[in-house]
Amino acid sequence: MNFVGSHILSISQFDRGDVEELFQVADEMEPYAHREKHTRVLDGAIMGNLFFEPSTRTRVSFGCAFNLLGGHVRETTDIKASAITKGESLYDTARVISGYSDIIVMRHPVAGSVEEFSRASRVPVVNAGDGPSEHPSQALLDLYTIKKELGIGNDFGGIRIAMVGDLKYGRTVHSLCKLLNLYSNITFTLISPKELCMPEEIVESLKQSGHTVIETENMEDGLKDNDTVYLTRIQEERFEDRNEADIYRGRFRLNQAIYTSNCKPNTVIMHPLPRDSRAEANELDNDLNQHPNLAIFRQTDNGVLIRMALFALTLGVKDQVHKSAVEVNWYTEKRFK
Amino acid sequence: MNFVGSHILSISQFDRGDVEELFQVADEMEPYAHREKHTRVLDGAIMGNLFFEPSTRTRVSFGCAFNLLGGHVRETTDIKASAITKGESLYDTARVISGYSDIIVMRHPVAGSVEEFSRASRVPVVNAGDGPSEHPSQALLDLYTIKKELGIGNDFGGIRIAMVGDLKYGRTVHSLCKLLNLYSNITFTLISPKELCMPEEIVESLKQSGHTVIETENMEDGLKDNDTVYLTRIQEERFEDRNEADIYRGRFRLNQAIYTSNCKPNTVIMHPLPRDSRAEANELDNDLNQHPNLAIFRQTDNGVLIRMALFALTLGVKDQVHKSAVEVNWYTEKRFK
Amino acid sequence: MNFVGSHILSISQFDRGDVEELFQVADEMEPYAHREKHTRVLDGAIMGNLFFEPSTRTRVSFGCAFNLLGGHVRETTDIKASAITKGESLYDTARVISGYSDIIVMRHPVAGSVEEFSRASRVPVVNAGDGPSEHPSQALLDLYTIKKELGIGNDFGGIRIAMVGDLKYGRTVHSLCKLLNLYSNITFTLISPKELCMPEEIVESLKQSGHTVIETENMEDGLKDNDTVYLTRIQEERFEDRNEADIYRGRFRLNQAIYTSNCKPNTVIMHPLPRDSRAEANELDNDLNQHPNLAIFRQTDNGVLIRMALFALTLGVKDQVHKSAVEVNWYTEKRFK
């Protein structure tokens, strides 16, 4: 893919070369995200952060990434209350808002809506989640985290990953599977209640690509021999009957004792966040908060790098970032170390 | 009017000279709005974007215009939930917020409230709509669009314009009539259901100024021989009984077939947006979306130019904009061409 | 206290030396807040403005203060609707959001929550109000206002202050008492309905420090011989039964006539705002709006100075502010004179 001027709508746009290019630019963003330097490469540019449903983490992460490149962010989180209720089409919204911005980040509860919006937009659009469908920057930051945590190069072939929890509704595990499908010889251990198992077409596609797929309801067994264990929250908001979610909440949990008994010593622990820390859920226990292999907060930090890289690539400034770099002169501590 | 330090509350403040000056500055803003250059003339300035009712388009347009001049924007869209409910007067809100900003943009559902606020404000206030009353930057961008689309100079004398739809509640057509009343010999064709016709005092004032005013319920007749046709949405939110709006919605529609049969070849199509694209309304059909004379998205683009010009004039920096201009170095395509 | 890198959670962190240092830096911020110069000392820095309950004034004041130092602001006001409802802990929110920001300003309805958040944050956190508990920047700006209005140095010993209204639920008067307790020989006249009197432990602590404390329900008597009278609103939102608030609203009012009859000529009038200007409340009448000793809007202006100083100190840039100073070139009038 030629990134410059492209919409970023789906991980299916990415081939291995694209991923490699993106991750290299993300690496180069680190001194800026970690406040060692700052750059003004996008000074004067405007990002439209268009959230048709709330998502604090994703919204702020994208906004921060754009600010770190020196640009302005204009946000909209109240859009339901506005023109849309007066019968405005996505086509019109896209034509109008794209006249105000250099790039648009959009989240919408309806699958396909971001793609529909992008067809009418006059500027690049980045999909920040369209309902149960796609959230490509999340899958990319997950893969980038695996790379950094495992200390591997650009080939993910041969890794062993367990995915745990609500694999039916969990958008992030779907996307991560599709992305990992670009590589060879991966072992997927899918741990979930039968009713919340990974959709069959994803399992089939992994198998057809020659990967090993193990499906189990036995967590202790499933946790063994992985490089990475990726936990997920029960996506209660996607259940037709929310009470049904209560049945599954709390069924698969990772805590210090379970980790020590079942996981290989350096197994990386990931979670797309938010994790549900209520007593009845608690799929990833706080007693692991100080564990050196708990990667969940490095994972969100990596989101900033990936989003900066997406902006730098789609707006065609990746080679100019460093030209306007200056040292940071305010207190930063070494908080990313 | 001396723009510097002035509040912009009503189009009645504007004479022909003011309009001419504003449009000239708007022309000069084009390279910045179209991302050929960027300027930092308002670097360090703060605009307070104060929305007491939601309006994504207007809010983002103003915010973007201020960013394009290099300034910061501090937004408030949650004001109902806040100090106002604790009995704070507009006077106090104005005294306080004007201590935080260099200029304030304000929308409020109650007619006259922005003017009341401005009397207590220590900084210039721009009215972004006060209920059914005024929305001066909209009227100015409409007139500016007519000028550019028709390729005329600073005299609008002799043009022929049709206004279609809800002329009773449509604030934009009221304001546009008042603004056009500064010029001579204009032909207004007012097409609406009788119950939603243009208020009598506006019609009278146009006639007294020597303009030709034709009122009709016959759309085919009314469309003939105009330079511009300006469509409007049924303003259902202003009806006391919203069901009544259903009676009128969909009665006057423009689409490709009607346009071709009735309009002069180069008739410019305008609409203040949002247009209601639901099947039962659809006052301006999507089958005209590719039509070269459909000006509705150039119209919203022009809003950015007008708002930049208002900021540059009221803050007294119009001659300094170009001094800090630099080339834009990120991907922009030729999306405004 | 060493400000650099510190959380600002409570006024109990401050000793007299800290207050003196803060006020000196606040004085140095004046040319920037008053738009004579602007600085870019925090160009590239990001402040996370995290409001779990609405507060337009406080939120915009902090945001403006950060912009005036040249930094970006990423705001969150919709947080209730978001990850928190999915069971995310404050710990997780803090770990995540602190990866996106250089400093966080946080308001939350629950006492202690900001402190809890700060323990997990990787960047300094400023408490912008945690329910009935603390709001340190408000107390500091109140004290700073007393200093400037009375034209005194760094010793507040010997001043005479009356506090009027809801002294039970009014967080600002509690904090101001605690802060004044750093100094000696102050006379506090506490005017309130008995049911809304100052909490006993605060009164006791003032008396033990040797201050004079007069408690009264007689406003006329209480107003005599003060340097400053500090009025407060009935905090109806903190009453278990909101109707109960109606009993007290309007009981203690200051207006022109009462001021002239009872107060010393130059008594400074303060109020933390918002004041309740509904007829049934009106604890501080609008007929004093032009009075030269009405300090309430200078008080909110001072809030910007104090917040700029807090940012400059905690981020360690107080000595660099002036290095990047340039003259302001846009219209500013002399609105702060």
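Distance check, please: which entries in A:LYS168/A:LYS264; B:LYS178/C:LYS37; A:LYS207/A:LYS318; C:LYS178/C:LYS224 exceed 32 angstrom between their Cα atoms? Over 32 Å apart, Cα to Cα: B:LYS178/C:LYS37; A:LYS207/A:LYS318. Secondary-structure-derived ellipticity at 222 nm for the protein assembly as shown, considering helices only, amounts to -10500 deg cm²/dmol, per-run term -39500 (n - 2.57) for DSSP H runs with n ≥ 4. The mean number of Cβ atoms from other chains found within 10 Å of a Cβ in peptide B:292-301 is 3, as a whole number. For C:LYS323, the aspartates and glutamates whose Cα falls under 18 Å of its own Cα, not counting residues fewer than eight places away in the same chain, are A:GLU327, B:ASP43, C:ASP27, C:GLU28, C:GLU30, C:GLU36, C:ASP43.
For the protein assembly as shown, the Stokes-Einstein estimate of translational diffusion at 20 °C and a viscosity of 1.002 mPa s comes to 70 µm²/s, using the Kirkwood hydrodynamic radius over alpha-carbon pairs.
For segment B:137-297, the share of alpha carbon pairs falling in successive 10 Å distance bins from zero is 11, 44, 37, 8, 0 percent. Note on A:GLU30 and C:GLU30: the model spin-label points, each 7 Å out from Cα along the C-beta direction, lie 4.8 nm apart. Where both bridge residues fall in the protein assembly as shown, DSSP classifies roughly 5% of the beta bridges as antiparallel. From the alpha carbon centroid of segment C:106-143 to that of segment A:128-147 is 34 Å. In plain terms, if you count all Cα to Cα distances in chain A and split them into 20 Å steps from zero, the share in each step is 31, 58, 12 percent.
For B:ILE8, the amide hydrogen comes within under 5 Å of the amide hydrogens of B:VAL125, B:VAL126, B:ASN127, counting only partners 5 or more places away or on other chains and with H modelled in the peptide plane. Placing pseudo-labels 7 Å out from each Cα toward the beta carbon at A:LEU288 and C:ALA257 gives an inter-label distance of 7.2 nm. With its label point defined 7 Å out from Cα along the Cα-to-Cβ axis, C:ASN289 lies at 5.0, 5.0 nm from the matching points of the other copies, in increasing order.
Rounded to the nearest 20, the Cβ-based charge dipole of segment B:123-176 about its Cα centre (Lys and Arg +1, Asp and Glu -1) stands at 120 debye.
Annotation for segment C:158-172 versus segment B:198-269: alpha-carbon center distance of 61 Å. Per-residue mean of foreign Cβ neighbours for A:50-62 is 5 (Cβ atoms of other chains, 10 Å radius). Packing-based ranking of B:64-72, B:24-32, A:185-193, B:249-257 yields B:64-72, A:185-193, B:24-32, B:249-257, ordered from highest to lowest mean Cβ neighbour count within 10 Å.
Amide hydrogen proximity for C:MET163: with H placed 1.01 Å from N in the peptide plane, the residues at 5 or more positions away or on another chain lying under 5 Å are C:THR189, C:LEU190, C:ILE191, C:TYR230.
Neighbouring Cβ atoms from other chains, within 10 Å of the Cβ of residues in C:174-187, number 0 on average.
FYI, it's all coordinate maths here, none of it is from the lab. This is a predicted model, so every value here is computed, not measured. Cβ atoms come from the backbone with ideal geometry, glycine included; neighbour counts cover every protein chain shown.
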